[in-house]
Every structure is written in C-alpha cells, then in structure tokens.
C-alpha cells in the first residue's frame, strides 16, 4: 500500500474500533507499526516521517492508537509519577489507558526521542483536525443573519487555531528533519503541547454550546488534545531547553542545513 | 480646597512643569504631600484614599510627580539593585529620576505599604488615562469608511484596556479599604502592574502608527506605565503571595467586611 | 460573628460531616436537591428579596463556591428568577413560587436559547398564542440546564410577530409538569449531561404566570443580564482546584500562584462593587460584563496553573477541564461581552 | 563551510572588530550606510535576484538579525523593492537601480500609507497625472521610514479615479532628489524618529520608472505582501534581548526561557518554509501572515520574559520596549492578518 492508502485505511479501520482495547488490537493486527522499520528487519520500510504521517492522520480524525508506543515503547516521568502510556491501569481524560509503575527508570536515548517526535505528530494531527473543524464550522454556521466567520472576533479565533496548528506542524517538521536530535524533538513536542491547549480552547469557544455535545464529536478531538499535552508536555520539557545557552539554542532552530 | 479642586489644580500646575526636577519642586511647593497627614501634625487632613485620588488624577493626565515618595519615602529592592525612586542619578524609560544605592536596606513596614498603595494608584491612573484615550480614539477614528470601534477586533481591544483598568481600580479599592494590610497592598500593586503592561500594549495597538508619535502624546502615558510596572512590579511581588496558603489568601480577598 | 463567619462555620461543618464533597463547577454541575433544601431550611435562599440584599448574597455565594458546595439545584431560582418574580410577578405568582424557592423546593431551568439561535436571543421563535385566561406555548428550547429535573421553567416566547425582532417578546413562568412539556438530556463531554432540550407542545400558561408586561420581554431580559453575569460564580468555578493547587505549590510555583492570588483579590472586589450597585438599585451591565470576561479567563488560567504545579490531583484538573468550555458560554460569549464592555468604555469617555 | 557558517564567521568578525554594536530592532532602527556598503561589497545584498534565492537570503538575514547588525539602510531595497524591480521593472530601471542596490548605495523608503488612510491601502489619494514622457505625482505619504535619508522612494499612486478603489493604482519608483520631493522626520517615543512624512509636489517620474503595469498596482502590491511579511525580521526583532536573557537566566528561569526556545525553533522553521515556497515561485500569503502574527507576539513575549529574569540590563529591555509598538504595525496590523489567516484556514477546509 502507498502511504496515503495506509493513512486512509488506518482512519477507516480504527474508526470502527469499539473501544481502546480494540484500537490497540487493530493497530497491532494491521502491522502499521512495521512502517518505518527497514524491510531487512522484517518491517515495511519507509521513514519516521511516514509513521508520523499515519499518526497525524489518525489523530486528525479524532481517533486513538498506540502506534507511537508500538514504535517506541517508553516509560515516562510525568508529574512525579512513572507512567507507561497505553499500559493497563488508569485512563486519561480521553479514555486512553496508561499504567503507573510503583518504581522504574524512565526511558532515555533514541527510543525516547522517537516517541517524542511521534507523540508530537499525534498532537499536530489533533490540532489540525480541531482547527479545520473550527474553520469549517465558522464558515457555515450563521448567526445574526450571516456566517459567524464574518464577525471579526470569530475570524480572529479561527485564525488563532489555524496559526497554532501551522506552528506545531512546523516544529514537527524541524524534528523530522533532524530525527537524531533530542532537543529539536523536545522543542517540537513542547510547542505541539501548547498549541494543543490553545486549539482545544479556541475550538470550543467558536463552537459554543453545540461543541460540548457528544453528538457533534468535537470533544473526541479536544479531550485527546487535553490528555496528550500533559504526557509529558510543556511543563516537563521546557525547562530542559531553558539552560542550553544562546549558541546551542540558536543552532537547534537552524535545523538541518 | 476641596478634593476635586486639588486634583484639578495638580493636573493643571504639573502640566506646566518644564522637566522632572520642576515637577518635583512644584509638588513640594504646593504642599499636596500634606494631604492625608492629620492637621494636628501640620498636614491638610484627609485620608490615604484622598492622596491616592490626587495621584491617580496626575497619572491619568500623563504627568509625573513624586507625590507617593513624599508621602512614603522608600528604598526599594528592584531586580537585585537597591533603588530610591525620585532620587538623583539615573532615569527610567519615562524620564523620571531614580538613585541606585551601593548598599542599603530596603524599606519595610507601614511606610512601604503606603507607598505600594500610592504607587498602585499611580498605575491605576495611568491605566485609566490610556484606556480612556484608547476608547475615545476608537470611537472617532474612521477607517474603511466607519469608526474603527465598529470592527469587532478593535472593540475587543478597547474592552480589554477598559477591563484591565477597572480591575486595577478594584484592586486599589481593596487596598485602600484595608490600608494596614500589606498583602492587599501587594496584590493591588501586582495587579496594577500587570494591567499597566496590557493597557500600554493594547493602547498602542489600537492607535496604530500615530500612537507612536510625540505629537499625539499617548507615549507620555505608555512610557510611564512601562516604567512604573517594574518599580517593583509583579515579578518581585507575586512570589510573596504565592505561599500564603488558601486560608490567608482567601481572607485577603474578602476584604474589610 | 460576622455574616461571613457564620456562613463559613456552617459550610465547614457540612463538609466535615460529609454532607457534600467539594468539586469545581459546583454551581452548575453540583446538583443536590437535599443540599438545596438544607440551605432553604437555614433561610439562605432568596436573600435578595427577603430584605437582606445583594451584598449578603455575595458573601454567601462566595463561601459556598469556595467550598465547592452543590448549589446547582436552586441556583437559577435564587440568582435571577426569584428576583424577577419578586419584582415583576403577579401577586398570585409570588405567592405560588417564592415560598417554594426559598425552601429549596422549587427548582428553575432557563428556556432562553433555541436551536440555531445561539447568542442571538432576539431571534426567538417559540410562539405564545392567546387563549382563554392565558397563553399556549409552542416551540423548542435548548441548552437548558437540569430541565429534566427542574420543577419550573422560565420561558422567553414571542407573543407578536409584527414588530422588529426585539419587540413582541414576553417572559413566562411555567410548571414543568404541565401537559405538553417534554425535557430530554443532551449527552456532553462529561457524559449524561446537564444540558437539555425542552419541547413545548401547546403548553398552557395562565395570565398570572406572565412575568412583567406582555411584549416587554426583551427589555426585561436584558435587564436581568447584570444579575446573570455579575456574580461570584463567574470567577470561582475552579476555586476548589485553585485550593488544591495552593496546597501543592512549592517555592518554584510561588510566582505563578501569587499572580492568581493577586488577580483574584481584585476580581472579588469587583464582584463586591457589582453587588453593592445592585443593592443601590442599579443594573450595572458594564461592570458585570467586565467581571464575567475577566472572571472566565481567571477560571481557565487556574487550570493552566494547576497543570504546572506537581502534585495537584489529576482527577481534579480533568474535572475542571471538562467543565471549562462551558465557562464562557453561559450568560453571553466573550465576543458579545467585548462589545458590551467597549460600549461602556466609549460611553465613559463621551 | 556551510553558507550559514560563512555568514556567521564574517558577522562575528565585524562585531569583534567594533564595526557594529548589537541592538534590538536593528532591521528598522539600525541605520548605518557604511555597514550596508560593507555588505554590498561582500556581495550580500540582492541574493534573491542574483541567482541565490530566498533560502540563502533567509539564512543571511537570520544571522544578521541574530547579531543585531545595523541593516536598516538597505533593508527595504533588498527585501521587496529590489525583487519587484527585478521582476517588473523596465530594462532601464533595472540597469539604473539594481547595481546601486546591490552595492548598498541605493536606499529605498516606502511611500504606501497616507494620512487618515491607516491600514486601508486602497484609499490612496496621491495622484499621478499624465505628462509628456511620464507622470507628475502630487500628494502626501506618511510613516515612511528613513525617507529623509533615502536615495529613492517606492510610491503607490492613483493613475485613474474612475473605477472601484482597488483599481487605477500604479507603482512608481522615484529619485528622492527629484524637484518637488520633501521629507520630514516625525518625532516619536524614541526621539527624532525614523518615521517621516513625504510631500510630493508635482514630482516628475519618467515612464520607465513605472513598476509593472499602469493601473495594476493593487494586485502587484498585495503580491508583495508575502515578501514583506514572511521574513525572519518578523520574529527576531528582539533577539538580541533574548540572547541577553539566556545569558542571565538561572534554573528558576529555565521553564520560561525554554518555552521561548521551543517556540522560536518552530517559528524559524515556518520562516524557512515560507522562503522555500518563494523559491518555488509561490507568494505564500497565508503562511507569511501566520508567521508575522505569531512572530510579533513572540517578539513581545521576549520582552516580558526579559523583565522577569534578574540581571538582564535595563537599557536593553527599554530599547526593545520602545520599539515594541511598531512590531505589529509594519506590514499589516494583527486585525488585518487575522482576516487573511482565517480566510486561508477556511479555504483549506472548503
């Protein structure tokens, strides 16, 4: 299958999952986690960017999948706890499972960097899904006799959601261009986490009461953004970038030239 | 003279000051610093709220005066330096003098509390002056064939400046109602400092290029807000409130009932 | 003992005794009919029309919200319908409703919004047709919180279609057990949901249950907005989370938490000013809108701060997050408030 | 050595040798004709039309702005007028201007805004009347930076008044020494000021100095906006202050500074994307507007962070503060950008 086919199939098949356990099973069954693994190692070939593309497409559709964790199994330090995303135990605000370990060392190294990039992709997809739903809603929903997008205050919100989504995507692109650099991955994930919070808030603001309903389905995107941005998001990551010094920080941003 | 008369006179006479030294001389000459001092102590009588009213009026007109410092002479710790506002030496971004001491202990106690309240009043006046100029400008300035206030994005900015100014004034009112409580004074000054920054930014945003010109005079208000909010503003004060605990913090806000 | 101390002592006792469990957003989602009756028995519902006034209610509600007490069942009646009935209602309506509201037995829901109307309240399509001794109401309302278990509804309906859309509106009060009323919950991001749709199928409302003057509903309802927007619930929805955040905060968090403490102090004073002006007979629409805009922002900022302070229970953060999209909806969106506040600002300088 | 390393080495050497002193807002207020000639001699002005492209210019300008180098004198010519002349100018105009721009000798100011017009560019009232072999320009321009010392001006003028206001506009290039041109500085909050008024009193402009097509000025100028908005100067105006802040930051400031580092990384990538699309022949108006809106916000947030970190020199903070009201003005206000971005967002989903 070509990559767009995989993305489309992933969205379609996962959309039929009855619950999170089912979503995890489907992800494994379909073998999408073999994308980005060299064929010589029994994988499907392709790059990390290809995996990130599938992750984004799944998230943009308001769906959950442990694809990042299958690719890069990690143990994380989150708010003083040791956590395994998609492990069994508790549930986050989006209903996705995670396990809390009594003790254990958080992951480090290349696996953690890959997970950070793919988790950023997850957030970027969610931002794009929520931002584009918001733009579409504003363009069609009428109030006081005209589409609400014609009100400057609403169009400013639509612009904000879009801009945050574009910014998060740019951060992800930087990380994918230099996938061995953990600091760029950290920057990408921190930016995507913040963007996720803003996009969720703004999306609800534009949608008004209808956005809160189950029926509309916006909450499938926003609850995920709220869950993902804290796993671990900006509060844990940004301090890691704050003392790099000007020289190293600047070089991060210059990227892969 | 009645209080409104004093306020009006202060604005009028200080408006004619040729420079900061002159403004300081005028303030002393007029004896306004005796307002709020009991007549039995050689003062003019009146309350701290009366003094704050004069300070507000002066600031709202975009003028400077060492009235708070005459009432409550202080030595402050500002960004790791020991500073005397309206002492001789350096100049802040608004052209007001201050002295930096080689060493010295910052003020404490009732004098410091009074200064904090009066300095908050200074900021509140500046906020009110800049916010009302902004509202007036938006109501009269036309673009694309109608007053810019009719654009929702502009009216949101006008609302923001006004709201911040109202909030800062409420904080000041709380401090004046309980003038012996240093924590309420700190809260008032921290809030006014933040409000000052927002109002200055928003005022310039609404005014556009003309707002930057000397001729319009908006910068007389905004440069002062920028100077005042860091003398010492939220960065130095807020941590003092952060560890009060819920009980004490709640009682602060309940005020003087 | 001050009034505030009296309230605090009682509320503390109830919490200690397990009468309630603190939660964020308790004024909307803390629905507990027994608790409302308890407050009613204490004489603490209806202070504003029982000779106590808005400042006393302000103190009472601050303390109840601080504690995260479940006040949703009587909230609408106490805040805005009770005062409206006391001011505008017929003698029969007053006699029939006020004692029940005061006892915490009469629970109101609001029938203002309609499908597709959103913030545009004047586009109401629910019709009231004249009939013998009263009116027949026909239409649909939406976003009516707790309608499925309310005893009564406030309904804004069109009694005439001949004028400009701001005219010909009338306020009604109806019994939810009347024939023709159906309420249905709307599932939301928290599950079953407080939001309801209400269908009105030729529901009879007697003349004595008209609130105020027929055709004058628009003016009356906009006058109510200051009551609806200017209360402490526009600032304190996430206070229980802030309390947990303060408890967990260490020196590294002092600045962040301190900013909230400072801002809250000013916001509460602003709320007190609004209450005092209401006691003075004003309807301070501008200050109430300012309070709501800044207060809603504060409520959300509390959540963001809580996320950054290690040790704040995740469940409390999530509870507040799920409530957060609602903060700015109720009683006028941020965009609408911006226009109201700007108008006041420009009036203030004109 | 990469292109970036070459630039960095040279710029570092200049700074070490005292050729310039770093400052915020250097692309607008760092006016130094000698420095511009130095860059010209190095071959570093006009990269975009000299076969190097936008990505190379992107790297060059990033490094110059990082260093706070005084690039204001040639900025407008290098960024937007040079590319426009190269694309649309007559052979004579090209031959007459481009070598001078490339040498850093020709310095452009912009004659777009007019008194009372603000962001409403289409309401231009400056008139161009036909005359023998050219046009006579009559009118007034304002907010024209460094006009009093520019060698040339770009002027948008109305060549016909008969159509809709978006039609009948034409772009001109004129010599500031032409008879009838007067430029006057406007004092601003920093003192003498870069802003000028420019008075045009029957200024003759030959036909060969018309840019592009007569009457097509509106389409042309809006096409320029991507060039004007999408560069690193929309993000890096306060970078020298950020560098000082990073130097002063301790562990207590790590989160605050780290947030800026993360955001800057994404913003710079976005700038690179815009440059790459320009190299591909596009005029990416939406992404450029997004970059400018977010970039201006970043520039201001840097100042706020610097205030909170003890030890950052006050003079550097004040310098950036005084520049800050200008950030969002140049090249379209935040309100205008919001509309452009929303339009792109809605187009993207349609």
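Rule-based calculations on the coordinates, nothing more; no lab input. Because the structure is predicted, anything quoted here is derived from the model rather than measured. Here the Cβ positions follow ideal geometry from the backbone for every residue, glycine too, while neighbour counts run over all protein chains shown.
For the rotation taking chain C to chain D, which residue of C has the Cβ nearest the axis, and how many Å away is it?
C:252, 4
Using the 7 Å Cα-to-Cβ label point, sort the distances from residue B:9 to its equivalents in the other copies shortest first and give them in nm to one decimal.
Spacings between copies for this position, smallest first, are 8.9 nm.
Stick to the Cα atoms of segment A:43-162, pair each with every other, and give me the Kirkwood hydrodynamic radius in Å at one decimal.
Taking the inverse mean of 1/r over all distinct Cα pairs, segment A:43-162 comes out at 16.5 Å.
Under 16 Å from a label point 7 Å along Cα→Cβ of residue C:2: give me every residue in segment B:177-202 with its amide N that close.
From segment B:177-202, the list is B:177-185.
What's the average, rounded to a whole number, of partner chain beta-carbon atoms within 10 Å of each residue's beta-carbon in D:80-92?
Mean inter-chain Cβ contacts per residue within 10 Å come to 0.
Please report the orientation-averaged projected area of segment A:109-254, defined via the convex hull of its C-alpha atoms, in nm².
Orientation-averaged projected area of the Cα hull: 9.3 nm².
Cα extents of chain B along the three principal axes, largest first, in whole Å?
In descending order, the Cα extents are 59, 47, 40 Å.
Which of these, C:44, C:14, C:143, has the largest mean-square fluctuation under a Gaussian network model of chain C (Cα springs below 10 Å)?
It is C:14.
So how far, in whole Å, is the C-alpha centre of segment C:76-98 from the one of segment D:35-109?
For segment C:76-98 versus segment D:35-109, the Cα centre distance is 74 Å.
Got the residue B:108 label distances to the other copies yet, label 7 Å along Cα→Cβ, in nm, shortest first?
Relative to the other copies, residue B:108 has label-point distances of 4.5 nm.
Only helical DSSP H runs with n ≥ 4 go in: add -39500 (n - 2.57) per run for chain D, normalise by residue count and round the 222 nm mean residue ellipticity to 500 deg cm²/dmol.
Computed mean residue ellipticity for chain D: -15000 deg cm²/dmol.
Looking only at other chains, what is the average number of their beta-carbon atoms within 10 angstrom of each beta-carbon in C:316-324?
4
Kindly express, to the nearest 10 degrees and within the range 0 to 90, the angle between helix C:54-66's C-alpha long axis and the longest C-alpha principal axis of chain C.
Long axis of C:54-66 versus the principal axis of chain C: about 60 degrees.
Could you tell me the convex hull volume per residue, in Å³, taken over the Cα atoms of chain D?
Looking at chain D, the number lands at 141 Å³ per residue.
Taking only Cα atoms and a 10 Å spring cutoff, compute GNM fluctuations for chain A and point out the largest among A:37, A:199, A:54.
A:37
Taking chain C as the reference, fit the longest principal axis to its C-alpha atoms, fit the long axis of helix C:314-327 to the helix C-alpha atoms, and give the angle between the two in degrees, 0 to 90, nearest 10.
40
Axis carrying A onto B: which residue of A has the nearest Cβ, and how far, whole Å?
A:152, 2
From the convex hull of the Cα coordinates of segment C:3-102, what is the mean projected area in square nanometres?
Projected over every direction and averaged, the Cα hull of segment C:3-102 covers 5.8 nm².
Across the residues of B:165-178, average count of Cβ atoms on other protein chains within 10 Å?
Mean number of neighbouring Cβ atoms from other chains: 5.
Over all distinct alpha-carbon pairs, what is the Kirkwood Rh of the protein assembly as shown in angstrom?
Kirkwood hydrodynamic radius for the protein assembly as shown: 32.3 Å.
Quick check of the Kirkwood formula: for segment C:108-216, what is the inverse mean of 1/r over all pairs of different Cα atoms, in Å?
13.9
As a check on your grasp of the helix formula, calculate [θ] at 222 nm for chain A: sum -39500 (n - 2.57) over DSSP H runs of n ≥ 4, divide by the residue count, round to the nearest 500.
After summing the helix terms and dividing by the residues of chain A, the value is -20000 deg cm²/dmol.
With only alpha-carbon atoms counted, please give the Rg and Dmax of segment C:230-349, in Å.
Expressed in Å, the Cα Rg and Dmax of segment C:230-349 come to 15.5, 48.
On a 0 to 90° scale, report how tilted helix A:3-15 is relative to the longest principal axis of chain A, with both axes built from alpha carbons and the result rounded to the nearest 10.
Tilt relative to chain A: about 70 degrees.
Order C:206-218, D:261-273, B:138-150, B:223-235 from most to least packed using the mean count of other Cβ atoms within 10 Å.
D:261-273, B:223-235, C:206-218, B:138-150
Please give the Cα centre distance for segment D:280-350 versus segment B:150-198, rounded to the nearest Å.
For segment D:280-350 versus segment B:150-198, the Cα centre distance is 26 Å.
Quick one: among A:79, A:121, A:192, which has the greatest mean-square fluctuation in a GNM of chain A with alpha-carbon springs under 10 angstrom?
Comparing A:79, A:121, A:192 in a Gaussian network model of chain A, the most mobile one is A:79.
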